[in-house]
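Okay, handing you the structure first.
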Amino acid sequence: MILIISKKQETTTNEVIKWLLAMGKKFIRVQEDEVFEIKTKEKRIYIESDRNCFYLDEISSVWYRRGGLKFKNFHYDNHSVNIHMQEHQHWLHDYVIKTLESKKHINKQSNSAVNKLFVLEQAKKTGLDVPEYYLAENTCDVVLDKTIIKPLTGNITIDAYQNYGESIMYTHVIDRQEEDSFFITFFQEKIEKDFEIRSFYLNGRFFSTAIISQNDERTKTDFRKYNLEKPNRNVRYNLPIEIERKTRQLMELLDINCGSIDFIKSEEKFYFLEVNTVGQFLGVSSMCNYGAEKAIAEYL
Amino acid sequence: MRYFNLFSDILITKGVNRILISDLQRNYSELQSLELNNIIEELKSNSIEDVFALYDQESKEMLQEYLNFLVEKEYGFITENSWDENFPPLQTDFSDSSTISNIFIETADLMFSPQLVQSIENLGIRHLVIYCESKLSLMDFLTLEDTFNDSCLESIEIFSLYHEDVNDDFVKKLDEKCLRIYSLIFHKCDNAAFEVTDTFKFNLVFTDQHLKINSCGKVDLKYFETNMLKVLEAINHNSCLHKKIGIDINGNIKNCPAMCNSFGNINTTTLEEAILHEDFKKYWNLTKSGIQICKDCEFRNICTDCRAFTEQTHKNNDGLDISKPLKCGYNPYTSQWEEWSLNPLKQKAIQSYSMQQLNYDA
Ligand code: SF4
Ligand code: SF4
């Protein structure tokens with residue numbers, strides 16, 4: 001039995017599930033609004049929510065996509081008892097998560113959120129080229145037109161800011177100095193690119209796509225600013241073996257076995273940009289007929 | 001030395017006199033000369049300079065123009081020293097998780113039995129096309145939408161008879177309440193109640209033509225559609241019938257409602273049972289490369305291969321009809337389009353179908 005932890009109406013999950021059905025593989029889908037209670041029967045542990053109920057030892061593989069397993073937490077009136085029981089419950093929850101994560105899996109609830117700064121540091125250690133970066137509170141050290149800023153957060157959208165419904169924080173080139181200082185911000189050297197590469201990574205395998213937009217001023221800095229008139233060209237690409245080897249090493253260091261990884265190709269160099277574990281990779285992958293959803297379903 | 005690299009999502013289909021260049025990313029196709037094709041072929045194994053050396057002074061200009069064209073259209077790019085070998089070719093295999101992806105139902109109303117709805121779910125069907133000869137009320141449409149709430153069905157296209165209740169308000173309500181309808185065609189409409197100006201979630205058409213089930217299968221430039229998945233499917237399978245199932249007005253389960261062969265009736269047979277019939281999938285792997293005339297046509301990868309109405313001239317060893325679709329007026333040997341229904345060579349086939357149609361109506 002495959003355990004899928006995801007959110008409602010999540011397209012990637014839905015597509016993978018269609019393949020699981022086609023392959024006749026059994027699965028349980030857990031959604032964000034479920035709260036589980038840990039129970040036992042004949043010395044076996046099972047967990048139960050309003051929608052699902054399963055033994056831990058029934059699960060053969062786990063796909064952590066989004067959201068997470070949540071548990072009911074009981075409180076007790078007596079302070080001392082409560083302290084003890086909180087810890088008691090903590091270890092039970094921890095045991096369930098650890099047990100599930102020790103099975104064959106795609107990503108883990110416990111470390112799915114990646115820290116962009118830490119990832120860049122690790123990437124350097126594995127020998128990948130990384131554009132120079134630093135944190136600063138003013139623009140004193142900024143080389144104008146050669147420096148970009150981008151968010152450190154996983155979610156790059158802001159809801160209902162000023163008069164906008166939803167704003168997306170795109171990578172932005174700095175073209176003027178700011179007089180005031182501001183909240184600590186991530187600055188990075190701007191790389192003149194030939195094109196960008198987005199690799200879907202699954203347990204050591206790379207499905208890479210070149211995202212070509214060099215003919216187009218509007219998409220030069222960040223391909224998410226789609227130009228709908230003449231869309232980018234997304235075509236299959238093979239990263240050099242050396243880059244794949246180093247990136248594989250990075251993913252092992254981070255203990256992540258699935259995600260999409262962004263690079264910039266600039267002449268002979270491949271600059272590593274970031275790893276994303278929750279993003280939508282289907283669009284880019286389907287333009288190359290890679291069948292990433294099928295690959296996930298096969299792996300589980 | 002400089003080298004020209006053609007992008008892997010640019011598909012070139014060679015016909016007798018011309019080529020069709022399909023940009024599978026930008027969903028666009030255009031006709032070009034065989035001459036351009038020769039140049040593209042030469043550029044695959046020679047540097048740009050070497051190809052230029054092959055041509056005399058006059059032709060060099062033309063060559064330069066073609067090269068500019070290829071680069072401007074972003075069909076490819078130029079590299080120094082060698083081709084960029086890191087760009088592998090597109091894999092043209094086709095995979096689809098559903099057992100059946102399309103269902104085409106000819107029906108008198110929009111009431112579907114729970115059994116049929118369940119079958120649609122079990123087979124993983126994504127697209128539903130309904131052809132209806134009667135007038136449908138707003139309630140009918142809303143009930144239909146409701147029927148497939150929470151199902152794997154993604155899109156619905158409906159052909160139905162126009163009537164006076166179909167006004168602005170009617171369509172606005174549909175737009176508000178329906179998620180899956182992506183195309184609505186009201187036929188036999190002499191006088192549409194309003195101009196289609198608003199942009200709705202779906203594509204809305206009023207036509208004065210009285211569409212019949214045998215109006216399907218027309219081949220024309222305006223119906224061609226360049227779309228990566230469809231092209232990949234066409235390269236590997238029959239572009240109309242692969243993973244398709246049909247139900248005709250009498251409930252007979254077929255490859256499409258206009259085909260003759262029935263694999264049972266929905267009152268007694270489930271769709272799941274019907275597709276197990278040994279002949280159900282017999283056309284699924286018949287590609288255009290196996291169809292007479294079409295196999296030489298530059299449009300073969302973006303064209304629909306109708307098997308219900310054909311010229312009825314050829315059968316292969318397995319008894320499959322491999323004749324060209326009847327309702328195509330294109331001749332790839334002369335590159336001319338003409339009105340298919342007037343072609344003297346097609347009259348016999350046309351007659352055989354209309355006779356069938358008479359029996360069928362009776
Ligand atoms: S086989 Fe012909 S009639 Fe049937 S659905 Fe296809 S195009 Fe239409
Ligand atoms: S000859 Fe065949 S492939 Fe060409 S347009 Fe007609 S039906 Fe389509």
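Among the residues in the range B:261-276, are any within 16 Å of ligand 2 (Cβ to nearest atom) and either at pLDDT 95 or above or more than 14 Å from chain A (Cβ to nearest Cβ) (or both)?
no
Restricting attention to the range A:67-85, report how many residues are open to solvent by 50 Å² or more (accessible area, probe 1.4 Å) and out of contact with any strand residue (DSSP E or B) (no Cβ under 7 Å at 6 or more places or on another chain).
Taking the range A:67-85 first, the residues open to solvent by 50 Å² or more (accessible area, probe 1.4 Å) are A:70, A:72-81, A:83-84.
Cutting the leftovers down to out of contact with any strand residue (DSSP E or B) (no Cβ under 7 Å at 6 or more places or on another chain) gives us A:73-81, A:83-84.
Here the count works out to 11.
Within the range B:232-270, how many residues turn out to be in contact with a Leu (Cβ under 7 Å, 6 or more places away or on another chain), in a loop (DSSP other than H, G, I, E, B) and among the β-branched types (V, I, T)?
Residues meeting the conditions: 1.
Determine which single condition A:I106 fails, assuming it passes every other condition in (1) in contact (Cβ under 8 Å) with a residue 40 or more places away in the chain; (2) more than 16 Å from the chain's Cα centre (by Cα); (3) not assigned by TED's automatic domain parsing to the domain that holds A:D255.
A:I106 satisfies every listed condition except (2).
Could I ask something else about it? What are the residues in the range B:81-117 that are loosely packed, with under 15 Cβ neighbours inside 10 Å and away from chain A (no Cβ under 11 Å), if any?
B:N81, B:S82, B:A108, B:D109, B:M111, B:S113, B:P114, B:Q115, B:V117
Yes/no per residue for (1) among the aliphatic types (A, V, I, L, M); (2) surrounded by 14 or more Cβ atoms within 10 Å (Cβ to Cβ):
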| residue | (1), (2) |
| --- | --- |
| B:R126 | no, yes |
| B:S134 | no, no |
| B:M139 | yes, no |
| B:T143 | no, yes |
| B:D146 | no, no |
| B:E157 | no, yes |
| B:L161 | yes, yes |
| B:K173 | no, no |
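A follow-up question, please. Filter the range B:293-309 for residues that are near ligand 2 (Cβ under 6 Å from one of its atoms) and assigned to a loop (DSSP other than H, G, I, E, B); which is nearest to the chain's Cα centre (by Cα)?
Going through the qualifying residues, I end up with B:C303.
Which condition does B:N81 not pass, out of (1) at negative phi; (2) touching a residue at least 60 places away in the same chain (Cβ under 8 Å); (3) polar (S, T, N, Q), if it passes all the others?
B:N81 satisfies all of (1) at negative phi; (2) touching a residue at least 60 places away in the same chain (Cβ under 8 Å); (3) polar (S, T, N, Q) except (1).
Here is a list of conditions, (1) open to solvent by 50 Å² or more (accessible area, probe 1.4 Å); (2) within 11 Å of chain B (Cβ to nearest Cβ); (3) not in a helix (DSSP H, G or I); (4) not small (G, A, S), and A:V278 meets all of them except one; can you say which number that is?
Looking at each condition in turn, A:V278 falls short on (2).
OK, next. Scan the range B:21-40 for residues that are away from chain A (no Cβ under 14 Å), open to solvent by 30 Å² or more (accessible area, probe 1.4 Å) and touching a residue at least 40 places away in the same chain (Cβ under 8 Å) and report the count.
Of the residues in the range B:21-40, 2 are away from chain A (no Cβ under 14 Å), open to solvent by 30 Å² or more (accessible area, probe 1.4 Å) and touching a residue at least 40 places away in the same chain (Cβ under 8 Å).
Do you know which of the residues in the range B:259-291 that are open to solvent by less than 50 Å² (accessible area, probe 1.4 Å) and under 19 Å from the mean Cα position of the chain (by Cα) is nearest to ligand 1 (Cβ to nearest atom)?
The extreme case among them is B:M259.
For B:N236, state whether it is at pLDDT 95 or above, surrounded by fewer than 21 Cβ atoms within 10 Å (Cβ to Cβ) and away from ligand 1 (no atom under 14 Å from the Cβ).
Answer is yes for this residue.
From the list A:T219, A:T209, which residue is modelled with pLDDT under 80, crowded, with 18+ Cβ neighbours inside 10 Å and within 14 Å of chain B (Cβ to nearest Cβ)?
Step by step, each of A:T219, A:T209 is checked, and only A:T219 is modelled with pLDDT under 80, crowded, with 18+ Cβ neighbours inside 10 Å and within 14 Å of chain B (Cβ to nearest Cβ).
Please enumerate the residues belonging to the range B:6-29 that are closer than 22 Å to A:N234 by Cβ and either part of a loop (DSSP other than H, G, I, E, B) or not assigned by the TED database to the domain that holds B:E42 (or both).
B:F7, B:S8, B:D9, B:L24, B:Q25, B:R26, B:N27
Pairs please, first residue from the range B:207-233 and in contact (Cβ under 8 Å) with a residue 60 or more places away in the chain and within 19 Å of B:P325 (Cα to Cα), second anywhere and assigned to a loop (DSSP other than H, G, I, E, B) and of a type in the set (D, E), Cβ atoms under 8 Å, 6+ apart in sequence or on different chains.
Between residues of the range B:207-233 that are in contact (Cβ under 8 Å) with a residue 60 or more places away in the chain and within 19 Å of B:P325 (Cα to Cα) and residues that are assigned to a loop (DSSP other than H, G, I, E, B) and of a type in the set (D, E), the close pairs are B:I213/B:D248; B:E233/B:D96.
Shifting gears a bit: For the range B:61-71, check the following and say yes or no: at least one residue is crowded, with 18+ Cβ neighbours inside 10 Å and touching a Gly at 6+ places or on another chain (Cβ under 8 Å).
yes
Quickly run through the range A:78-95 and pick out the residues that are under 17 Å from A:I38 (Cβ atoms), in contact with a Phe, Trp or Tyr (Cβ under 8 Å, 6 or more places away or on another chain) and free of Cβ contacts under 8 Å to residues at least 12 places away in the same chain.
Hit for the range A:78-95 is A:M85, nothing else.
The values are calculated or read from the model by the stated rules, or taken from the named source; none is laboratory data. Keep in mind that what you see is a predicted model, and the values were worked out from it rather than measured. Neighbour counts run over all protein chains shown; Cβ positions are idealised from the backbone, glycine included. Heads up: the accessible areas ignore ligands, DNA and RNA and are worked out on the full protein's heavy atoms, side chains in. Shrake-Rupley method; radii C 1.70, N 1.55, O 1.52, S 1.80 Å.
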